[in-house]
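Peer 1: Take this structure, written in structure tokens, and hold onto it; I'll ask about it next.
The values are calculated or read from the model by the stated rules, or taken from the named source; none is laboratory data. Quick caveat, the model's predicted, so the values are computed rather than measured. All Cβ positions, glycine included, derive from the backbone under ideal geometry; neighbour counts span all protein chains shown.
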Amino acid sequence: MNIILFGAPGVGKGTQAKILSHVYHIPHISTGDVLREAIKAETPLGIKAKVLMDRGNLVPDDVMNGMVTDLLASERCKNGFILDGFPRTVGQAIALDAIFVSMKIKKFKVINVDVEKSLIIERLTDRFLCAQCGKIYNSTIDKFKAGDKCFKCGGMIFQRDDDKPETVKKRLEIYYETTEPVKKYYEQTHSVINVNGVGEIEEITQRLLTTLGQ
């Protein structure tokens, strides 16, 4: 089973990718994983990526594509994979098509976990964390405010900068500007299966499994 999983920040695709990874016994590969593994292994591309990142630069497509190629060709991906967060650009999608051809990967499914933008903003801006134990809280459900104490360990509850309204809106703008064209590319060249990402985790998982034929 080969899966390319799309979804804006906050739709819960990371959670679903981990569940699908367990169900199908295939690795869940995020862009962060690709970078971390290449850097840890000190591959030529990993070393190059680290130098760029240490300078505060983005990792260019050619380096990212090379690291993805190495990972997909590894033993851990022999039975399939779930790509989460890659490709991020049309250029990466075109390169991934070429990678699939070179590796004789003919079958793959492109799935988009779909949630309305307004609901994503609500989900993310309601998210708070404990500075001590990392427990995640929802301000609407748990009825608290920043500065209150964690129910679990007594640590201070705070909101990450990434989850503040202005930052969330900016993250979504970047996502829709860069990744939406990738979805359209696959709609034209392959097919994209849209799965409703609203509901309980188990409900969304069942929709995905039904879509994938299980």
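Peer 1: If you scan the stretch 186-198, which residues turn out to be surrounded by 13 or more Cβ atoms within 10 Å (Cβ to Cβ) and either farther than 24 Å from residue 94 by Cα or aromatic (Phe, Trp, Tyr) (or both)?
Peer 2: 186, 197, 198 - these are the residues of the stretch 186-198 that are surrounded by 13 or more Cβ atoms within 10 Å (Cβ to Cβ) and either farther than 24 Å from residue 94 by Cα or aromatic (Phe, Trp, Tyr) (or both).
Peer 1: Out of 193, 157, 174, report the one residue that is touching a Cys at 6+ places or on another chain (Cβ under 9 Å) and of a type in the set (Val, Ile, Thr).
Peer 2: Within the list 193, 157, 174, the selection yields 157.
Peer 1: Something else: Report, by residue number, each residue of the stretch 1-18 that is in a helix (DSSP H, G or I), buried (at least 18 other Cβ atoms within 10 Å of the Cβ) and more than 9 Å from the chain's Cα centre (by Cα).
Peer 2: 16, the sole residue that qualifies.
Peer 1: Something else about it: When you go through (1) crowded, with 21+ Cβ neighbours inside 10 Å; (2) modelled with pLDDT of 90 or more; (3) out of contact with any strand residue (DSSP E or B) (no Cβ under 7 Å at 6 or more places or on another chain); (4) outside any loop (DSSP other than H, G, I, E, B) one by one for residue 86, which number turns out not to apply?
Peer 2: (4)
Peer 1: Only one of these conditions is not met by residue 124: (1) loosely packed, with under 13 Cβ neighbours inside 10 Å; (2) touching a residue at least 24 places away in the same chain (Cβ under 8 Å). Which number is it?
Peer 2: Exception for residue 124: condition (1).
Peer 1: Read through the list (1) of a type in the set (Val, Ile, Thr); (2) in contact with a Lys or Arg (Cβ under 7 Å, 6 or more places away or on another chain); (3) under 30 Å from residue 198 (Cα atoms), then give the number of the only condition that residue 63 fails.
Peer 2: (3)
Peer 1: For the stretch 29-73, please list each of the helices (runs of 4 or more DSSP H) lying entirely inside it that holds at least 2 residues being basic (Lys, Arg) and under 18 Å from residue 88 (Cα atoms).
Peer 2: Hits in the stretch 29-73: none.
Peer 1: Among the residues of the stretch 127-144, what is the count of those that are in contact (Cβ under 8 Å) with a residue 24 or more places away in the chain, out of contact with any Gly (no Cβ under 6 Å at 6 or more places or on another chain) and not aliphatic (A, V, I, L, M)?
Peer 2: 2
Peer 1: Follow-up question, since we're still on this one. All but one of (1) among the small types (Gly, Ala, Ser); (2) without any contact (Cβ under 8 Å) to a residue 60 or more places away in the chain; (3) surrounded by 17 or more Cβ atoms within 10 Å (Cβ to Cβ) hold for residue 93, so report the exception by its number.
Peer 2: Single failed check for residue 93: (2).
Peer 1: Taking the stretch 74-83 as the search range and keeping residues that are outside any helix (DSSP H, G or I) and either free of Cβ contacts under 8 Å to residues at least 24 places away in the same chain or not hydrophobic (A, V, I, L, M, F, W, C) (or both), which one is surrounded by the most Cβ atoms within 10 Å (Cβ to Cβ)?
Peer 2: The extreme case among them is 80.
Peer 1: I'm checking my understanding of the structure. Among residues of the stretch 39-73 that are under 18 Å from the mean Cα position of the chain (by Cα) and aliphatic (A, V, I, L, M), which one is surrounded by the fewest Cβ atoms within 10 Å (Cβ to Cβ)?
Peer 2: 58
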